[in-house]
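Asker: For reference, the structure I am asking about is given below.
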C-alpha cells in the first residue's frame, strides 16, 4: 500500500445517507437520547434549524470511509475532528447525505496522514478531520 501512495493522492468519495430512523437506531446504540436528535420542537426551541444528527455519528461516517479505504479498520491508528456544523435531518424517508472526501497529506514512517473533507449539502460539517493510517504490512 505505501508504494502506491503519494502526497495529494485522492481517496474515493464515499456518500452515506442519514435518516431519522438511523438517528433513532444510533441513539439506542450510543445511549445518547437527547431530544435534539428526534424532536423538531425541542431542536428549534434551543436554536437549531431542526433535528440534527449526533456529532459522533457524523464522525463515525468519516471513520467508516477511512476503514473502507484502508481495507482493514485496524490500519486506522489515529482519527480526530472538530464539530463545526450540524447535520440537519428532515422528517421524511429521504433524509440527507453526508459525503466524505479525502486526500493523502503526507506519507512517511509506515503511515499516511489522511485529510478528510466531510460535507452535507455542500457545507463542511467537520473541521480539521485528520487520520493516521498504517500503510506497511
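Asker: Does residue 67 count as surrounded by fewer than 19 Cβ atoms within 10 Å (Cβ to Cβ), touching a strand residue (DSSP E or B) at 6+ places or on another chain (Cβ under 9 Å), without any contact (Cβ under 8 Å) to a residue 24 or more places away in the chain and farther than 14 Å from residue 125 by Cα?
Answerer: yes
Asker: Go through the residues of the stretch 117-127 one by one and say whether even a single one is farther than 30 Å from residue 6 by Cβ, surrounded by fewer than 18 Cβ atoms within 10 Å (Cβ to Cβ), in contact with a strand residue (DSSP E or B) (Cβ under 6 Å, 6 or more places away or on another chain) and at pLDDT 95 or above.
Answerer: no
Asker: Which one is farthest from the chain's Cα centre (by Cα), of the residues in the stretch 27-39 that are outside any loop (DSSP other than H, G, I, E, B) and farther than 10 Å from residue 89 by Cα?
Answerer: This residue is 35.
Asker: Output the strands (runs of 3 or more DSSP E) that fall wholly within the stretch 53-137 and possess 2 or more residues being more than 15 Å from the chain's Cα centre (by Cα), or say none.
Answerer: So the answer is 96-108, 111-120, 123-134.
Asker: With respect to residue 54, determine if the residue is exposed (fewer than 12 other Cβ atoms within 10 Å of the Cβ) and touching a helix residue (DSSP H, G or I) at 6+ places or on another chain (Cβ under 7 Å).
Answerer: So residue 54 fails the test.
The values are calculated or read from the model by the stated rules, or taken from the named source; none is laboratory data. Predicted model, so just to flag it, every value in this text is computed and none were measured. With ideal geometry, Cβ positions are generated from the backbone for all residues, glycine too; neighbour counts draw on all protein chains shown.
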